[in-house]
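I have placed the structure first, in the form of structure tokens, so that the comments after it can refer back to it.
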Amino acid sequence: VNTMNFKFFTETEKGDIAINYIALDGKVVTYEDGRKIRAFSRTRYQVPVELPDGKTKKYDQKQGTPVVAFVTPELLKRYKTGEETRDLYIVEGEFKAFAMSNFGLPTFGIGGIHNFKDEKGVRLNPEIIEFCNKCKVQNIILLFDADCLQVKWEEGKDLYNRPAGFYASIQKFNELLKPYNLNLYFAHIVPSSEFKGIDDVLYNGISNQDAVIT
């Protein structure tokens, strides 16, 4: 697979970032839009959009498009040769996955903590399983941010929802993994870290990235 001419990230006309997707076989991921076939991408807003409920929206994905796992260069390289890979990482966010790939870590990115399932939500994303089969993966590490266990009190806020959401994600992943001979490990950046995501840790957290990678 030659990804030299494929751009994982491009700038949109509005100055946002288009996150472009490629499949393990090196083909651009597409979807049907009426009678047209379009390249699949997600958008990272330059300035988050404020929603009516007071929350902000950082990413956008066209309604009706499929849930797709973000394939990184390290995955493409290993898949092409069938390189035996003991540990496979899955992180929330394409930028984090790309950063890990830059450090030689085979990583899929998912658009949300529940976006590891196929379109019907009854099986793991087929490309994740395809990579595991070809590269003889033994362990899948679901890696979340430092704030995944954090619960902030607000007047009228149900404090149950956030931790329950993360628990449901891990439980569902483990359930869907049962048909396969794979081990699931849950990990997160330590809550006391000044850095939220693994990309921040790798690039800014410490001078010796090998300590993080190992």
Can you tell me which condition residue 107 does not meet? The list is (1) under 26 Å from residue 199 (Cα atoms); (2) modelled with pLDDT under 90; (3) of a type in the set (Ser, Thr, Tyr), and all the others hold.
(2)
Near pairs, Cβ below 6 angstrom, 6+ apart or cross-chain, from segment 41-61 (under 30 Å from residue 6 (Cβ atoms) and assigned to a strand (DSSP E or B)) to any residue that is open to solvent by less than 60 Å² (accessible area, probe 1.4 Å) and among the acidic types (Asp, Glu)
43/16; 43/60; 45/16; 46/16
On the basis of being assigned to a loop (DSSP other than H, G, I, E, B) and more than 21 Å from residue 12 (Cα to Cα), does residue 65 make the cut?
no
If I ask for residues that are touching a residue at least 60 places away in the same chain (Cβ under 8 Å) and within 14 Å of residue 76 (Cα to Cα), which ones from segment 19-40 would you list?
23, 24
Number of positions in segment 1-18 that are closer than 26 Å to residue 75 by Cβ and modelled with pLDDT of 90 or more
9
Here the residues within segment 68-114 that are open to solvent by 50 Å² or more (accessible area, probe 1.4 Å), in contact with a Phe, Trp or Tyr (Cβ under 8 Å, 6 or more places away or on another chain) and free of Cβ contacts under 8 Å to residues at least 40 places away in the same chain are none
Residues in segment 173-196 that are open to solvent by 60 Å² or more (accessible area, probe 1.4 Å) and under 18 Å from residue 117 (Cα atoms): how many?
9
Selection count, segment 6-23, where residues are among the charged types (D, E, K, R) and either part of a strand (DSSP E or B) or surrounded by 12 or more Cβ atoms within 10 Å (Cβ to Cβ) (or both)
2
Which numbered condition residue 138 fails, given (1) within 19 Å of residue 31 (Cα to Cα); (2) more than 15 Å from the chain's Cα centre (by Cα):
(1)
May I ask you to list pairs of residues, at least six apart or on different chains, whose Cβ atoms are under 9 Å apart, with the first in segment 115-140 being outside any loop (DSSP other than H, G, I, E, B) and the second being hydroxyl-bearing (Ser, Thr, Tyr) and at pLDDT below 95?
124/180; 129/180; 132/180; 133/180; 139/185; 140/185
Going residue by residue through segment 131-149, is there one that turns out to be closer than 28 Å to residue 202 by Cβ, surrounded by fewer than 19 Cβ atoms within 10 Å (Cβ to Cβ) and at pLDDT below 90?
yes
Considering residues of segment 24-67 that are open to solvent by less than 70 Å² (accessible area, probe 1.4 Å) and among the charged types (D, E, K, R) only, the residue nearest to the chain's Cα centre (by Cα)
42
Pick out the one residue from 187, 146 that is under 15 Å from the mean Cα position of the chain (by Cα) and either assigned to a loop (DSSP other than H, G, I, E, B) or not β-branched (Val, Ile, Thr) (or both).
187
Within segment 159-172, count every residue that is open to solvent by 70 Å² or more (accessible area, probe 1.4 Å) and under 24 Å from residue 127 (Cβ atoms).
1
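The values are calculated or read from the model by the stated rules, or taken from the named source; none is laboratory data. Keep in mind that what you see is a predicted model, and the values were worked out from it rather than measured. Cβ sites come from the backbone with ideal geometry, for glycine too, and all protein chains shown count toward neighbours. Accessible surface areas use protein heavy atoms only, side chains included; no ligands, DNA or RNA. Shrake-Rupley method; radii C 1.70, N 1.55, O 1.52, S 1.80 Å.
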